[in-house]
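The values are calculated or read from the model by the stated rules, or taken from the named source; none is laboratory data. This one's a predicted model, so the numbers in the text were calculated from it and none came from an experiment. As a convention, Cβ positions derive from the backbone with ideal geometry for all residues, glycine included, and neighbour counts pool all protein chains shown.
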Amino acid sequence: MDSERTFEFIIDEEHAGLRADSVLSEYMEDVSRSYVQKLIESGCVSAGGFPMLSKKEKLKAGTAVVVTLPEEQPCEALPEDIPLDIVYEDDDLIVVDKPKGMVVHPAAGNLSGTLVNALLFHCGSLSVINGVQRPGIVHRIDKDTSGLIAIAKSDAAHKGLSLQLAEHTVTRRYRAVVFGSLKDESGRIDAPLGRDPKNRLRMAIVPGGKRAVTNYKVLRHFSGFTEIEARLETGRTHQIRVHMASLGHPLLGDTVYGPARQPYRLNGQMLHAGLLGFVHPVTGQYMEFTAEPPEEYLITIEKLKNR
C-alpha cells in the first residue's frame, strides 16, 4: 500500500468527543470537510479497525484512525475569476497577499477556488516547471495562514526563485500569536522536521528529518498570550507551528498542534506572512514587500489587549 496515500493516527484527548469529519478536516488541512465526508461515505476511513459508518461519529481518545486516499487523477488547473490582492507584478513574477482560508494549489478535495485557479485567470499563463496542477508555485503557505507569496510567471523566474529558496537567501518574516509567556525575548530553534511517525497527517520534530530553522523574537506580551515575529531560515511544512508547539507555546487558533478547544472563534491559526524579500531572478534587483495582517488577526489582537 502506498504510504504517501495512507495516513494513520491516534485520536488524542483534545480531539476526543468531536465529530469525525471535523477532526479529519483539521488534520488534513488542504482537504475540504465535504471531501472528508465523501471519503467516509466511500469506505476510505476506518476507526479501531472497522469502517467508519458516519461523518457524525464521535471519536474516542486512543482510537486508531486510518485514512486511505484514492489514487489522485492528474487534473489541469483551470482559470477562475477570483479576486486577488496583488502587491507587485511584472512579466516574470507576481506577489500576492493570500487571504486566510484559500488553498494555494489544487489537490484532492480542493480542485477549484485555489490561488492557482485565480492566478491563471488573471495572468493567462504561469511557469510550467511544477506541472499542470501547480503552475508557478515555487513556495507555499498553509491554507489558514494569510500573507505574501511569490509566484513565477516565467520558467526563468521559477528557476531563480527556487535557487534562492534552496540557498536560504529569501527573507520571510511572520507575525504570530502563541499561548503563554515565552521565557526568552528571542531565540533560535534548529530542529529537523518530518512526518509524525504516530500521526502521518501531522509534522513533527524527528531524527533524520529535514533541517528546519526558525528565529523568533517577542513583539508584545498579553495576559496568557504572546505576539512574536518568526523569521524562517528554511521553509518546511508547518515549520513555525511545530517549532513553537515544541517549546510549549502552540499558535493561538491551531487545533492541530495546539488545544482542540480554543478560547476564541478563529478560522485557523494566528499566523501571517507579513514580509517577503528576494532578489528579482531576472533583473537582479533586491525587492522587499510587506502586508498588514487581516482583519480577524487585528480584531483578535484588540481582544487580547483588553483581557
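Worth a mention:
- Tally, over the stretch 225-266, of residues that are part of a loop (DSSP other than H, G, I, E, B) and under 24 Å from residue 150 (Cβ atoms): 6
- Residue count, the stretch 210-224 (criterion: surrounded by fewer than 19 Cβ atoms within 10 Å (Cβ to Cβ), in contact with a strand residue (DSSP E or B) (Cβ under 8 Å, 6 or more places away or on another chain) and outside any strand (DSSP E or B)): 2
- Total residues in the stretch 139-167 satisfying the condition of being part of a loop (DSSP other than H, G, I, E, B) and either at pLDDT below 90 or closer than 17 Å to residue 102 by Cβ (or both): the figure is 8.
- Residue tally, condition surrounded by fewer than 14 Cβ atoms within 10 Å (Cβ to Cβ) and touching a Leu at 6+ places or on another chain (Cβ under 7 Å), over the stretch 251-263: 0
- The residues of the stretch 253-288 that are over 20 Å from residue 214 (Cα atoms), under 20 Å from the mean Cα position of the chain (by Cα) and not small (Gly, Ala, Ser), listed by number, are 255, 259, 261, 262, 264, 265, 266, 267.
- Residues satisfying the stated conditions in the stretch 70-93, i.e. part of a loop (DSSP other than H, G, I, E, B) and touching an Asp or Glu at 6+ places or on another chain (Cβ under 9 Å): 71, 84, 85
- Looking across the stretch 282-307, just one residue is modelled with pLDDT under 95 and either buried (at least 18 other Cβ atoms within 10 Å of the Cβ) or not in a loop (DSSP other than H, G, I, E, B) (or both), and that is 305.
- Residue that is surrounded by 15 or more Cβ atoms within 10 Å (Cβ to Cβ), over 18 Å from the mean Cα position of the chain (by Cα) and closer than 21 Å to residue 301 by Cα, where the choices are 182, 161: 182
- Any hit, the stretch 105-125, residues being touching a residue at least 24 places away in the same chain (Cβ under 8 Å), under 26 Å from residue 25 (Cα atoms), over 19 Å from the mean Cα position of the chain (by Cα) and in a loop (DSSP other than H, G, I, E, B): no
- Residue in the stretch 216-271 that is farthest from residue 173 (Cα to Cα), counting only those that are acidic (Asp, Glu) and touching a residue at least 24 places away in the same chain (Cβ under 8 Å): 227
- Within the stretch 7-32, being at pLDDT 70 or above and touching a strand residue (DSSP E or B) at 6+ places or on another chain (Cβ under 6 Å) holds for 7, 8, 9, 10, 17.
- Looking only at the stretch 185-209, and only at residues there that are loosely packed, with under 13 Cβ neighbours inside 10 Å and at pLDDT below 95, the one that is farthest from residue 306 (Cα to Cα): 208
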